[in-house]
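Here is the structure we will look at.
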Amino acid sequence: PYTMHRKNFSFNLIKARLSETIIQQLFIQCGYSVFHYGMENAVPAIVGLLNNDNSEAALSIRQMPDFVIQSPDGQLYYLEVKYRARSPFKHAELKGHFPYQNAWFIVVTKNAFYCASYPEIAAQGYLPYEDAFRLENRPEFSLAPSSVAAFQEVSQRFFRAPSSLLGRGLPHLESKCPWCKFTPKVKCYGPTKHLPH
């Protein structure tokens with residue numbers, strides 16, 4: 001059966017994939033080569049099966065970064081992409097010994113992309129949502145601010161959608177009416193055919 005746990009996992013997976021795709025296309029547009037590297041590409045058949053598995057093997061697989069990227073001048077980087085609606089990405093989420101200590105992390109939020117290296121996150125305890133950590137301000141990648149802004153706009157189209165679409169499951173009859181902001185007692189057909197409550 002399609003349980004609440006499975007529904008939440010599915011929506012979280014969709015948001016994660018959206019975030020990864022947005023960041024992947026941003027780097028490609030800026031002249032980088034981007035190669036898939038993470039768990040879902042190495043062992044796609046077991047995505048979701050490792051969620052509650054805390055064995056050493058499962059942990060190693062989950063810790064694989066999403067991408068290996070190569071800059072236009074040939075520099076290689078491990079890159080892990082996360083989505084966060086509100087809370088920061090914390091170092092404690094990297095359970096156990098994290099083997100990719102030269103990896104970079106990008107957190108996609110509703111308002112901006114933030115970026116930090118593993119040592120920075122380990123030192124701070126989390127990835128700070130500060131201007132110095134905004135992706136367009138990181139000199140290591142030299143991404144054009146206009147390109148970052150364009151992909152942030154794309155991201156906002158998805159992640160600023162109603163929570164019923166991207167956080168609480170599918171819309172249902174009890175959701176608030178988008179035209180009058182009240183819960184309708186009858187079906188609403190939009191602003192031109194809005195039936196009275």
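The values are calculated or read from the model by the stated rules, or taken from the named source; none is laboratory data. No experiment lies behind these values; they were computed from the predicted model shown. All Cβ positions, even for glycine, are placed from backbone atoms using ideal geometry, and neighbour counts span all protein chains on display.
Residues being in contact with a Ser or Thr (Cβ under 6 Å, 6 or more places away or on another chain) and polar (S, T, N, Q): count how many of those fall in region 75-97. Total satisfying the criteria: 0.
The listed residues are L50, L59, L26, L13, and the only one of them that is surrounded by 13 or more Cβ atoms within 10 Å (Cβ to Cβ) and modelled with pLDDT of 90 or more turns out to be L26.
Exactly one residue out of R134, R160, R168 is at pLDDT 95 or above, of a type outside the set (A, V, I, L, M, F, W, C) and within 19 Å of S87 (Cβ to Cβ), and it is R134.
As a summary of the residue check, G38 satisfies the conditions (1) surrounded by 19 or more Cβ atoms within 10 Å (Cβ to Cβ); (2) closer than 18 Å to E140 by Cα; (3) modelled with pLDDT under 95 except for the one numbered (2).
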